[in-house]
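Reading through the structure tokens given below for one structure.
Since every read-out is calculated from the coordinates, none of them should be taken as a lab result. These figures come from a predicted structure and were not determined experimentally. Quick reminder, even Gly has a Cβ in these numbers, built from the backbone with ideal geometry, and neighbours come from all protein chains shown.
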Amino acid sequence: FIPNPVMGNVIINEVMYNPILDQGGNDYGEWIEIYNTGNENIDMSSWQLCEDNLINGYIALNGSTQLDITFILAPGQYALITDGGSGTTVYDNLSIDGSALAFHVNGALCSGLNNPGELINLSNETYTSLFDYTSYATENLAQGNGRTLERYNFITNNWGESLNVNGTS
């Protein structure tokens, strides 16, 4: 795993790239968690993940949009980003904190989170600023065991494998 510096108040906090609860394909259960480390509300409506626009809510497997409440990420608040094209099983299979926001992209996360590794970037389209990015290689962490990659400390940028199967969404 290759850590990279945080460049803004919204950070990539956790990555599920190899879920074990998948039904019908790996992309259905993949997710990325972001977190607002700052003191101000952040309007995520013009933000992108891997150059795909964030869309509020998530897409259920039946095609309906759920939890499309707001784009405002409050200080200390988390949000999950899931696939949008064919839907996600994340909200069906995991216990997700009710205060977390739901976002999705139109299609697979970062064109499908590759199990050998991936570069993930979070940017603001309006300001064309890169806010956070990370890359991972799966030789040592969360390889086929259903665990996530977690940022243990956003100040020192320490990452590791989640203690819990399915992570801490």
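A few remarks follow.
- Point-to-point label distance, ILE20-ASN157, nm (Cα→Cβ direction, 7 Å offset): 3.1
- Estimated FRET transfer efficiency when R0 is 35 angstrom, pair ASN106-VAL165 (beta carbons, to 0.05): 0.75
- Neighbour net charge for LEU101 - beta-carbon separation under 11 angstrom, K R +1, D E -1: -3
- Label sites at SER46 and ALA60, each approximated as a point 7 angstrom past Cα along Cα to Cβ, lie 3.3 nm apart.
- Ranked packing of 33-46, 64-77, most packed first, by mean Cβ within 10 Å: 33-46, 64-77
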